[in-house]
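A.B. asks: To start, I am sharing the structure in question, which I have written as structure tokens.
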Amino acid sequence: MKLWFADKKLQQKRGRMKQSVLVLGNSDSGLYDFRKEVLTALMQEGYEVHVSVPDTGYLEKIKKLGCICHETVMERRGMNPLKDGKLLLFYRKLLKTIHPAAVLTYTIKPNIYGGVACRFAKVPYLVNITGLGTTLEHDGPLQKLIVLLYRTGMSGAGCVFFQNEQNLAFMRQKGCLKKRTKTRVISGSGVNLEEHPPMPYPKEDTVRFVSVMRIMKDKGIEELLEAARRIHEKHPETVFELLGAYEEETRARYEPMIEDLQSKGIVRYYGYRDDMPEFYRHCQAVIHPSYHEGMSNVLQEAAATARPVIASDINGCREIFENGVSGLTFLPQNADSLMEAVEKFLLLTPEERAEMGRQARDYVEAHFDRRQVVTEYLETLGSLIGATSRHRYDRWQLCAHALRR
């Protein structure tokens with residue numbers, strides 16, 4: 001009986017303590033730009049929020065939200081067993097230090113190694129598949145390895161969030177999900193409609209197209225540059241503005257191509273920028289030629305500012321707009337199809353383009369409000385923590401009953 005009362009008092013004391021939630025990610029900028037509302041909502045719900053991400057300049061902003069940050073060493077790309085093993089050990093140590101009520105993981109390595117660490121520590125966790133990534137999109141030995149790791153990392157997840165049905169179907173088909181694993185498809189990260197208000201449509205004669213991407217093949221950079229060159233020859237009033245950082249392994253290939261088009265006045269390259277709304281303000285449309293997406297944040301933000309979008313006809317893009325109403329689609333990996341879509345857009349009157357932008361705003365307001373995404377996270381997390389607490393309470397009751405006997 002003394003043991004039972006001691007446990008009971010301990011649990012009452014724990015009940016008065018603030019529960020913590022740990023968030024694992026591979027990008028401090030991505031976490032801040034697209035998920036700061038989730039972090040803020042968790043704190044408003046009374047949780048102490050811990051964040052584990054590499055520091056590339058945004059960690060201080062995350063701290064100012066009120067989060068406790070743990071700078072994390074991680075190689076986002078590549079599979080180095082030694083470095084990935086250190087990441088797994090880091091997560092295990094972090095869990096022992098924080099004792100979180102639950103963990104949220106985002107992106108491949110946090111999903112895999114964070115999931116494994118949570119399973120060892122018996123901590124409930126939620127996984128977010130924000131996209132399959134280049135490796136999983138292509139068959140080969142590396143894909144098989146990632147699939148195997150995903151099976152291990154997700155097998156104990158309380159729920160796995162997906163951003164589109166195709167990614168969910170892929171994971172089921174590859175056997176990454178157990179039959180009992182709960183899944184939920186959400187509208188990507190959603191868009192903050194207040195931070196991205198509708199903007200007046202530009203009336204200048206120069207037609208500006210904006211593309212925001214990492215400079216790499218699977219984001220469609222080759223098709224974009226080819227279409228830009230050919231479109232500008234026929235329509236010299238067009239300019240293609242390009243924002244995004246180079247991937248170091250392909251920089252030597254794409255940098256000379258971009259510099260050549262820039263010298264001819266076809267492309268304007270700005271590198272990585274965090275002031276995207278200013279570019280949306282002066283453009284007539286946003287072009288997104290990606291090969292694969294979870295749910296494109298670029299398109300959601302562009303549409304929110306009342307800009308038409310011209311995007312690949314793929315899952316993760318086509319859900320964000322209505323073809324012919326608020327944007328135009330084209331075949332992925334096809335410069336000819338992209339060129340046709342751009343020329344179709346150029347045939348529209350300025351009034352028709354502006355109306356397409358208004359329709360784009362209306363559509364994301366109805367389907368991609370970030371507040372709804374935050375609500376879905378909180379509901380699932382609350383159910384997960386509540387179920388875990390009830391399970392532990394039931395075990396304590398059984399223990400007490402045994403002691404009484």
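A.B. asks: Quick one: what do you get for the chain if you divide its Cα Rg by 2.2 N^0.38 Å?
C.D. replies: 1.10
A.B. asks: In bins 5 Å wide, starting from 0, what share of all Cα pairs of the range 130-191 does each bin hold, as a percent?
C.D. replies: Using 5 Å bins, I get a P(r) of 4, 18, 28, 27, 15, 7, 1, 0 for the range 130-191.
A.B. asks: Checking the cross-link filter: which aspartates and glutamates have an alpha carbon closer than 18 Å to that of LYS18, excluding same-chain neighbours under 8 positions apart?
C.D. replies: LYS18 reaches GLU45, GLU48.
A.B. asks: So, in nm, how far is label GLU278 from label GLU75 when the simple model puts each one 7 Å beyond its Cα toward the Cβ?
C.D. replies: 3.6 nm
A.B. asks: Separate question: Using amide H atoms built 1.01 Å from N in the peptide plane, name the residues 5+ places from THR238, or on other chains, whose amide H lies under 5 Å from its own.
C.D. replies: Answer set, sorted by chain and number: VAL207.
A.B. asks: What distance in nm separates the simple spin-label points at LYS178 and THR349, each placed 7 Å from Cα in the Cβ direction?
C.D. replies: Placing both labels 7 Å along Cα→Cβ, they lie 6.2 nm apart.
A.B. asks: Students often get this wrong, so check it: of LYS234/LYS344; LYS83/LYS109; LYS64/LYS96; LYS61/LYS86; LYS219/LYS344, which have C-alpha atoms separated by over 18 Å?
C.D. replies: LYS64/LYS96; LYS61/LYS86; LYS219/LYS344
A.B. asks: Rounded to the nearest whole Å², what accessible area per residue is found for the chain with the 1.4 Å probe?
C.D. replies: Spelled out: the 1.4 Å probe surface of the chain, per residue, equals 48 Å².
A.B. asks: Let me ask something else about it. Measure up LYS144/LYS179; LYS203/LYS264; LYS93/LYS182; LYS144/LYS174 against 18 Å on the Cα-Cα distance and list the ones that go over.
C.D. replies: Check vs 18 Å cut-off fails for LYS144/LYS179; LYS203/LYS264; LYS93/LYS182.
A.B. asks: Here's a follow-up. Any chance you could run the full-extension gain for ASP336 through HIS99? It's 0.36 nm times the residue separation minus the Cα-Cα distance, nm to one decimal.
C.D. replies: On the way: separation 237, 0.36 × 237 = 85.32 nm, distance 5.44 nm.
Stretched out fully, the ASP336 to HIS99 stretch lengthens by 79.9 nm.
A.B. asks: In whole Å, what are the Cα extents of the range 283-373 along the three principal axes, biggest one first?
C.D. replies: Taking max minus min along each principal axis of the Cα atoms, the range 283-373 gives 38, 31, 18 Å.
A.B. asks: With all protein chains present, calculate the accessible area of PHE90 using a 1.4 Å probe and round the result to the nearest 10 Å².
C.D. replies: 70 Å²
A.B. asks: Suppose we keep just the DSSP beta bridges with both residues in the chain; what percent of those would be antiparallel, to 5?
C.D. replies: 0 percent
A.B. asks: If each residue of separation counts as 0.36 nm, what is the full-extension length gain between LYS234 and GLU45 once their alpha-carbon separation is subtracted?
C.D. replies: Contour length minus the Cα-Cα distance gives 62.4 nm.
A.B. asks: Let me ask you something else. Mean 1/r over all different Cα pairs, inverted: what Kirkwood radius does the range 200-260 give, in Å?
C.D. replies: Kirkwood hydrodynamic radius for the range 200-260: 12.6 Å.
A.B. asks: When the Karplus curve 6.51 cos²θ - 1.76 cosθ + 1.60 is applied with θ = phi - 60°, which whole-Hz ³J(HN,Hα) does each residue of the range 325-340 get, with x for Gly and Pro?
C.D. replies: 10, 10, x, 9, 9, 8, 5, x, 6, 9, 5, 5, 5, 4, 4, 4
The values are calculated or read from the model by the stated rules, or taken from the named source; none is laboratory data. This is a predicted model, so every value here is computed, not measured. Virtual Cβ from ideal backbone geometry, glycine too; neighbours counted across all protein chains shown. What goes into the accessible areas is simple: the full protein's heavy atoms, side chains included, and nothing from ligands, DNA or RNA. Shrake-Rupley method; radii C 1.70, N 1.55, O 1.52, S 1.80 Å.
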